[in-house]
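Everything below concerns the one structure shown next.
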Amino acid sequence: MGVFPLGVLGCCLLFLPVLTLPSDPTLNDDVLGLIVFKADLRDPEDRLGSWNEDDDSPCGWVGVKCDPRTKRVAELALDGFSLSGRIGRGLLRLQSLQTLSLSRNNFSGGFSPELSRLASLRVVDLSENDLSGQIPEGFFAQCRSLRSVSLAGNRLSGEIPPSIGACSTLAALNLSSNQLMGALPSGMWLLNGLRSLDISFNNLSGEVPAGIDKLYNLRTITFRGTSCRGASLRTLEAWHC
């Protein structure tokens, strides 16, 4: 009976796990996330026809841009694609996403507050859709790196979340043309990096929080079509109420 050399056997066992590992599991994770996101959509013009779950990478798909260094999805831009349905949780798999732009579609319902927990996410544009309900409290409360948020032109209702003051990285915020109501949260004046603010054409009312005139980085601010009032308004040259 032959004896198998132990040295050869050891080498085989040493390299066996390496041979069975997938070559790049992160790419598959991005593919899976986008395919799950697509499954929640209606795409009457087949604009996402290039999205194939059998692909190893989504970097060649319509609307998708990847970081050339890491090959991870960095931008998803599907503006004006005539898409409808819900903004599903598949996007939460895109751990390197920096820009999410889904404007001028027909997305309905709400959106996950966990979107803002994506560590690299800088820009969120969900404007001109059919989103409804309240802005999730957790969206601003767990904000990590957001710089620009536009939820304009939807049917969002309720109050602006008090937690907005926790999103200290914000430089641009557009909540205009919704059905938001109530008073402005006092935490808004904590957004020291804010350069652009538009909450016009909502059902907002009440006193403007004291201290909002201390937002020295503000360049544009628009409150037209609201019932807000307060002494702070007179100190802001571009403020229209």
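The values are calculated or read from the model by the stated rules, or taken from the named source; none is laboratory data. Everything numeric in this text was worked out from a predicted model, so none of it was measured. When we count neighbours, we look across all protein chains shown, and the Cβ atoms used for this are built from the backbone with ideal geometry, even at glycine.
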Exercise for the section: Say whether the condition of being modelled with pLDDT of 95 or more and over 23 Å from Phe201 (Cβ atoms) is met by at least one residue in the stretch 153-166. Expected result: no
Handout entry: Output for the stretch 64-81, where each listed residue is under 21 Å from Asp46 (Cβ atoms) and in contact with a Lys or Arg (Cβ under 7 Å, 6 or more places away or on another chain)
Key = Asp79, Gly80, Phe81
Problem - Selection count, the stretch 138-152, where residues are in contact with a helix residue (DSSP H, G or I) (Cβ under 8 Å, 6 or more places away or on another chain) and within 23 Å of Ser200 (Cβ to Cβ) - result: 4
Exercise for the section: Inspect the stretch 170-177 for any residue being at positive phi, part of a loop (DSSP other than H, G, I, E, B) and among the hydroxyl-bearing types (Ser, Thr, Tyr) and give the result as yes or no. Expected result: yes
Exercise for the section: For the stretch 116-131, indicate whether the set of residues that are closer than 22 Å to Gly187 by Cα and touching a helix residue (DSSP H, G or I) at 6+ places or on another chain (Cβ under 6 Å) is non-empty. Expected result: yes
Exercise for the section: Take the stretch 76-94 and flag every residue that is under 9 Å from Gly33 (Cβ atoms) and of a type outside the set (Lys, Arg). Expected result: Gly90, Leu91, Leu92, Leu94
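Residue-by-condition table, conditions (1) more than 22 Å from Leu156 (Cβ to Cβ); (2) modelled with pLDDT of 75 or more; (3) part of a loop (DSSP other than H, G, I, E, B):
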{"site": "Leu194", "(1), (2), (3)": "no, yes, yes"}
{"site": "Leu197", "(1), (2), (3)": "no, yes, no"}
{"site": "Phe201", "(1), (2), (3)": "no, yes, yes"}
{"site": "Leu204", "(1), (2), (3)": "no, yes, no"}
{"site": "Pro209", "(1), (2), (3)": "no, no, yes"}
{"site": "Ile221", "(1), (2), (3)": "no, yes, no"}
{"site": "Arg224", "(1), (2), (3)": "no, yes, yes"}
{"site": "Arg234", "(1), (2), (3)": "yes, no, no"}
{"site": "His240", "(1), (2), (3)": "no, no, yes"}
